[in-house]
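The values are calculated or read from the model by the stated rules, or taken from the named source; none is laboratory data. Since the model is a prediction, treat every value here as computed from it, not as a measurement. Heads up, the Cβs are rebuilt from the backbone with ideal geometry, glycines too, and the neighbour counts pull from every protein chain shown.
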Amino acid sequence: MFARSTTMMARSDQIDAGITYIRDQVMPVLQELPGSIGLSLMVDRESGRCIATSAWESEDALHYSASEARRLRNLAADQFGGAPMVEEWEIAVLHRERGNGACIRATWLTVPPDLMEAGIDYFRDTVLRQVEHLPGFCSASLLVDRGSGRAVSSVSFRTRELMDDYWEQATALKVESMRAAGASEID
């Protein structure tokens with residue numbers, strides 16, 4: 001599976017309009033494209049950072065959708081009031097337990113190319129097994145760009161309170177995971 005993420009720094013007074021546009025205009029169009037398997041939107045209301053990520057069953061489907069995605073991205077940027085930055089990823093690990101998450105913790109990393117496969121295995125075999133049993137856990141994913149060594153891991157929870165309850169435990173796990181994978185945190 002593959003993904004395309006679009007990051008925009010939205011104006012605070014435009015965030016709700018942007019969310020509505022993604023839900024009502026972008027999602028239905030993307031769902032009709034061959035190979036589309038989903039769309040997510042992460043919004044940080046404090047910073048204005050908004051990240052829409054579309055998922056595709058193959059790299060060919062990702063590339064086939066590029067023209068329509070570009071058109072929708074430009075319209076979304078107008079709604080959010082910020083310029084888009086686009087990245088493409090391989091979805092190395094994806095695990096969903098229940099429903100949609102209300103709160104997500106995402107970490108951007110760099111991983112030495114020779115350690116990428118071991119890092120993916122560690123996330124799938126160790127990190128995922130530890131977080132999937134936390135109360136309120138909804139999903140976890142690891143997106144990678146093998147060429148650049150960049151990756152982003154995310155874990156979502158039903159509520160912010162549940163995420164906050166396990167913040168220290170999750171932070172310790174993140175630090176250990178990065179050490180084991182030879183990764184460095186970017187953001």
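For the stretch 132-166, a residue qualifies if it is in contact (Cβ under 8 Å) with a residue 40 or more places away in the chain and in a helix (DSSP H, G or I), and the qualifying residues are ARG160, LEU162, MET163.
For the stretch 1-20, a tally of residues being part of a helix (DSSP H, G or I), over 26 Å from HIS95 (Cα atoms) and not polar (S, T, N, Q) returns 5.
Taking ALA77 as the residue in question, decide whether it is in contact (Cβ under 8 Å) with a residue 40 or more places away in the chain and assigned by TED's automatic domain parsing to the domain that holds MET27. For ALA77, the condition - in contact (Cβ under 8 Å) with a residue 40 or more places away in the chain and assigned by TED's automatic domain parsing to the domain that holds MET27 - is met. Selection of the stretch 33-48 for residues being at pLDDT below 95 and of a type outside the set (Ser, Thr, Tyr) yields ILE37, GLY38, LEU39, LEU41, MET42, VAL43, ASP44, ARG45, GLU46, GLY48. Which of the residues that make up the stretch 46-74 are touching a residue at least 12 places away in the same chain (Cβ under 8 Å) and among the acidic types (Asp, Glu)? Residues satisfying the conditions are GLU57, GLU59, ASP60, GLU68. Take the residues in the stretch 127-167 that are surrounded by 15 or more Cβ atoms within 10 Å (Cβ to Cβ) and among the β-branched types (Val, Ile, Thr), then tell me which one is farthest from ASP44 (Cα to Cα). Per the stated criteria, the residue is VAL127. Within the stretch 21-44, the residues that satisfy the criterion of being part of a helix (DSSP H, G or I) and in contact (Cβ under 8 Å) with a residue 40 or more places away in the chain are TYR21, ILE22, GLN25, VAL26, VAL29, LEU30.
Evaluation of MET85 against the conditions (1) without any contact (Cβ under 8 Å) to a residue 60 or more places away in the chain; (2) part of a strand (DSSP E or B) shows that the sole unmet condition is (1).
Can you give me the number of residues within the stretch 112-148 that are polar (S, T, N, Q) and either modelled with pLDDT under 90 or outside the structural domain of MET163 (by TED's automatic domain parsing) (or both)?
3
This table checks each residue for (1) outside the structural domain of ARG160 (by TED's automatic domain parsing); (2) β-branched (Val, Ile, Thr); (3) under 17 Å from the mean Cα position of the chain (by Cα).
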position	(1), (2), (3)
GLY35	yes, no, no
ILE51	yes, yes, yes
SER54	yes, no, yes
TYR64	yes, no, no
ARG70	yes, no, no
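For the stretch 38-72, the set of residues classified as farther than 18 Å from ASP13 by Cα and among the acidic types (Asp, Glu) consists of GLU57, GLU59, ASP60, GLU68, listed by residue number.
With the requirement that a residue be at positive phi and under 18 Å from the mean Cα position of the chain (by Cα), what does the stretch 140-187 give you?
Within the stretch 140-187, GLY149 is the sole residue that qualifies.
Note on the stretch 94-131: residues that are over 30 Å from ASP16 (Cα atoms), part of a strand (DSSP E or B) and in contact with a helix residue (DSSP H, G or I) (Cβ under 6 Å, 6 or more places away or on another chain) total 0.
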